[in-house]
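In what follows, a structure is listed as structure tokens, so that the remarks can point back to it.
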């Protein structure tokens, strides 16, 4: 979505028996990193299954602006990288649109270089805090110019020789961990990241795959210490990107909620740091069958068969939050149709996503007739299995706040609610899941957009 695109509302209506087999677009986290590491590595990287949403494409454009050669041949993206330590100063500000992952990780990657780079984004990204990444970069000697509150636009200028640091990540954030490790790639010596709570580990796995000298130790308390030796050589790789579990969440929950449904979702990433939603839905009574678990490119992958099931409310273990932080909006929709109360704690990270997701979800639920209580870092939802009375009052719509996951979550709600559910804008879905509308309607979902 361009920054000035006109909003396009969408409405979802009660549907029957979703059926079919679908393949989910490539994982967003791995797609971002594939462009970044391929653009930095020596030689050629070939990528299939890349998520071609706007967020990932913006990361590719940023790498191109710093010297990587990126082209597409059929279904394969081919990258000729600059070599580690050889990125070029960009001629213009790097525009990341809505992409928080691309922006924060690239800040780490390029911030330590001895040249100036400026980062900009859309209204949503410009409202998000960048201090969590900028603070460790400051410790490494990076000069930072930022808007009030450490928000975009941000200009970084690295020192002549960056200093390696030992950094204990103060919150469960794969983006912060990754930004520090990427800064360490062009820093002499050993950069160390201490991670008290494990988050998605694609950065560590992929850096090792590209040839970085990296070690990971986990102590008896589960605290992880990651050490990266700087200024080593990265070598181009062949990458097949598995399906994104965060995008999988939408057809998955839709099939659980819509009576008579039976769908199969192929080639889903099942990395243990990303499967919190599936575990939680199974705790609630969901019928999710894991078929043909296998390894692909060092990652766990499987097919999922999902059928309609009656759900019951649960208390979600707080320690599960890092493995499903992006999935809480759609979990809240599932909870709205579960018998009893679902309690979700440890949600402070939702306050600083594409929107204040916690408030956006709570307000959307209330608008659609769902009983819920929003806490500072919690959400409690009291469900109604038949969806009776649920739906958006005539003339009203859920405020999405330019947030793709809010839009998709409430469209899924409309498939099982008594009355239609309308969201104020669906254009930003293209940032992460451009195929969403076609994929869902192909399964039998009744979703229409106002053209």
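The values are calculated or read from the model by the stated rules, or taken from the named source; none is laboratory data. Keep in mind that what you see is a predicted model, and the values were worked out from it rather than measured. When we count neighbours, we look across all protein chains shown, and the Cβ atoms used for this are built from the backbone with ideal geometry, even at glycine.
Just a few scattered comments:
- Just one of the numbered conditions (1) surrounded by fewer than 20 Cβ atoms within 10 Å (Cβ to Cβ); (2) on the phi > 0 side of the Ramachandran plot is not true of residue 71: (2).
Residue by residue, here is whether (1) modelled with pLDDT under 95; (2) crowded, with 17+ Cβ neighbours inside 10 Å; (3) more than 21 Å from residue 177 (Cα to Cα) holds:
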site: 76; (1), (2), (3): no, no, yes
site: 86; (1), (2), (3): no, no, yes
site: 99; (1), (2), (3): yes, yes, no
site: 131; (1), (2), (3): no, no, no
site: 145; (1), (2), (3): no, no, yes
site: 160; (1), (2), (3): no, no, yes
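- Of the set (1) over 27 Å from residue 353 (Cα atoms); (2) touching a helix residue (DSSP H, G or I) at 6+ places or on another chain (Cβ under 9 Å); (3) not in a strand (DSSP E or B), all apply to residue 113 but (2).
- In the set (1) at negative phi; (2) more than 24 Å from the chain's Cα centre (by Cα); (3) surrounded by fewer than 16 Cβ atoms within 10 Å (Cβ to Cβ), residue 367 fails one condition alone, (3).
- Every residue from region 101-129 that is over 20 Å from the mean Cα position of the chain (by Cα) and buried (at least 22 other Cβ atoms within 10 Å of the Cβ): 110, 111, 112, 113, 117
Results for (1) free of Cβ contacts under 8 Å to residues at least 40 places away in the same chain; (2) touching a strand residue (DSSP E or B) at 6+ places or on another chain (Cβ under 6 Å), shown as yes or no for each residue.
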site	(1), (2)
349	no, no
356	no, no
362	yes, yes
371	yes, yes
376	yes, no
381	no, yes
394	yes, no
397	no, yes
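- Any hit, region 26-36, residues being in contact with a helix residue (DSSP H, G or I) (Cβ under 6 Å, 6 or more places away or on another chain) and under 24 Å from residue 254 (Cα atoms): yes
- Unmet criterion (only one of (1) under 30 Å from residue 313 (Cβ atoms); (2) surrounded by fewer than 24 Cβ atoms within 10 Å (Cβ to Cβ)) for residue 247: (2)
- Strands (runs of 3 or more DSSP E) within region 234-331 that include 3 or more residues at pLDDT 95 or above and more than 19 Å from the chain's Cα centre (by Cα): 262-269, 287-296, 299-307
- Residue check, residue 207 crowded, with 16+ Cβ neighbours inside 10 Å and out of contact with any helix residue (DSSP H, G or I) (no Cβ under 6 Å at 6 or more places or on another chain): yes
- Filter pass, residue 348 being at pLDDT below 95, within 20 Å of the chain's Cα centre (by Cα) and surrounded by fewer than 17 Cβ atoms within 10 Å (Cβ to Cβ): yes
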